[in-house]
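First up is the structure itself, then whatever we jot down about it.
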Amino acid sequence: MSNPPFAARVHVPADRTFDPASVRPLFPALERRQNGHPVAYFDGPGGTQVPSLVVDAMRDYLLRHNANTHWAYPASAETDEIISASKRALGAFVGGASDGIAFGANMTSLLYHFTRALAPAISADDEIVTTRLDHQANIAPWVRLARETGATVRPIPFDVRTGMLDMAAFADAIGPRTRWIAVGAASNALGTINDVASLRPLADEVGARILVDAVHYAAHHRLDARRMGADVVACSPYKFYGPHLGVMWVSAEVLAELDPARLPCAGSVGAEVLETGTLSHEGIAGAAAAVEFLAGLGGGPGDGSDGEFAPRLDAAFARLEARGDEVARRMGEGLAAIPGVRVYGPPADGVRTTTFGFTVPGRSSEEVTRRLAEDLGVFTSHGDFYATTVIEDLGVGPDGLVRAGAACFTTDEEIDRLLEGVEALVR
């Protein structure tokens with residue numbers, strides 16, 4: 001098979017700045033209407049809509065290549081090739097070697113499996129540093145690991161006024177007993193972007209490892225495990241225009257230290273040791289297609305090889321980040337200008353993603369979400385988003401926040417419609 005089924009292309013001419021109109025035709029979901037209004041999807045932090053080429057790749061796999069792996073007939077060999085090509089694509093996306101890529105049902109499952117694989121090497125004298133700004137998927141598995149091994153978890157607080165982590169507290173918490181630092185690259189509730197790279201020197205001083213939850217970050221900014229100083233990076237393709245799936249990149253040094261639960265006859269090359277049973281091969285094909293979609297936004301052709309993906313992704317995210325800055329200012333400043341609305345997290349013109357958590361006076365977060373959908377076809381989300389410690393520390397529990405997050409297809413008109421709907425609810 002000369003080309004894997006995710007090799008469909010989308011290109012934005014290199015001489016253009018990023019315009020959402022260039023990709024909107026690729027998303028069939030944007031044709032949906034709610035009570036006469038075209039739907040504006042601001043629920044991307046919980047899962048983005050999917051371009052047709054991703055669905056085409058999954059459909060093509062199931063209809064033309066569907067087989068299990070490592071057998072001596074063409075469909076099986078094609079499946080092997082698709083998985084290998086997808087690992088190359090995801091390796092380029094994460095900024096790590098392709099043999100360090102593991103696929104799983106979701107990021108949460110992978111993290112539980114990963115931390116259990118660490119257990120034999122963790123003792124009661126060890127410490128694990130986590131944060132209160134993270135999704136529970138990067139907190140609860142570590143808490144369980146500590147409970148089972150006797151290790152100590154040290155959670156780092158965040159500033160409730162700015163939504164930023166207390167970086168000085170990291171310096172105080174990381175010491176000679178620290179074995180792992182678990183930190184999110186960005187907050188899925190507040191849009192905060194964390195200075196993960198600044199933790200590498202602190203970790204090196206004591207020989208600690210760093211695991212980065214990049215689930216929210218990956219759709220908005222260029223991932224680079226090396227630049228971040230990460231030993232492990234976890235992300236979820238369904239947050240960056242792909243199917244429901246989990247992806248984890250693990251450095252060779254960390255892989256050598258793991259003792260994962262696995263079948264004795266299972267694959268043992270690189271991060272295969274973290275993969276259990278038959279995977280979602282169609283999801284793996286779709287995940288690579290999502291990377292191809294994003295790479296295409298950088299302009300110019302590519303052959304889908306690892307060497308071609310990286311520069312195209314660099315160019316694509318430079319565009320997406322510039323557009324994201326414009327969107328964040330429009331959304332954040334617009335929400336903050338509505339009387340009574342309280343916006344949490346970094347300022348609109350700060351270093352952040354295009355995700356905002358806010359409250360509306362006299363309205364529950366669920367009511368706001370329901371009314372925005374019914375009145376204007378604006379789809380937001382509500383609650384705690386599994387960032388339960390964030391909600392606790394902000395003092396907005398149990399109702400939580402309204403969350404609005406822009407995606408690559410979000411237009412200025414949709415942002416204005418969101419602002420119009422929120423403003424109508426405070427009159």
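The criterion of being closer than 19 Å to Leu313 by Cα and either at pLDDT below 95 or not in a helix (DSSP H, G or I) (or both) holds for Ala8. For the range 117-164, a residue qualifies if it is assigned to a loop (DSSP other than H, G, I, E, B) and of a type in the set (D, E, K, R), and the qualifying residues are Asp125, Asp126, Arg132, Asp134, Arg161. Scanning the range 371-408 for residues that are of a type in the set (A, V, I, L, M) and over 20 Å from Ala328 (Cα atoms) gives Ala373, Leu376, Ala387, Val390, Ile391, Leu394, Val396.
Yes/no matrix, rows are residues, columns are (1) among the aromatic types (Phe, Trp, Tyr); (2) surrounded by fewer than 24 Cβ atoms within 10 Å (Cβ to Cβ); (3) at positive phi:
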{"residue": "Thr192", "(1), (2), (3)": "no, no, no"}
{"residue": "Val206", "(1), (2), (3)": "no, yes, no"}
{"residue": "Val212", "(1), (2), (3)": "no, no, no"}
{"residue": "His221", "(1), (2), (3)": "no, yes, no"}
{"residue": "Gly229", "(1), (2), (3)": "no, yes, yes"}
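The rows are residues; the columns are (1) within 17 Å of the chain's Cα centre (by Cα); (2) more than 30 Å from Arg403 (Cβ to Cβ); (3) buried (at least 17 other Cβ atoms within 10 Å of the Cβ); (4) of a type outside the set (Asp, Glu).
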{"position": "His65", "(1), (2), (3), (4)": "no, yes, yes, yes"}
{"position": "Asn68", "(1), (2), (3), (4)": "no, yes, no, yes"}
{"position": "Ala72", "(1), (2), (3), (4)": "no, yes, no, yes"}
{"position": "Arg88", "(1), (2), (3), (4)": "no, yes, yes, yes"}
{"position": "Asp99", "(1), (2), (3), (4)": "no, yes, yes, no"}
{"position": "Thr115", "(1), (2), (3), (4)": "no, no, yes, yes"}
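Criterion first (more than 30 Å from Thr354 (Cβ to Cβ) and not assigned by TED's automatic domain parsing to the domain that holds Ala387) does Ile174 satisfy it? Criteria met by Ile174.
In the range 382-395, which residues are outside any loop (DSSP other than H, G, I, E, B) and either of a type in the set (D, E, K, R) or on the phi < 0 side of the Ramachandran plot (or both)? Of everything in the range 382-395, those that are outside any loop (DSSP other than H, G, I, E, B) and either of a type in the set (D, E, K, R) or on the phi < 0 side of the Ramachandran plot (or both) turn out to be His382, Thr388, Thr389, Val390, Ile391, Glu392, Asp393, Leu394.
Within the range 396-427, being surrounded by 20 or more Cβ atoms within 10 Å (Cβ to Cβ), part of a loop (DSSP other than H, G, I, E, B) and among the basic types (Lys, Arg) holds for no residue.
The values are calculated or read from the model by the stated rules, or taken from the named source; none is laboratory data. Quick caveat: nothing in here was measured; it's all calculated off a predicted structure. Methodologically, a virtual Cβ is constructed for each residue, glycine included, from the backbone with ideal geometry; neighbour enumeration extends over all protein chains shown.
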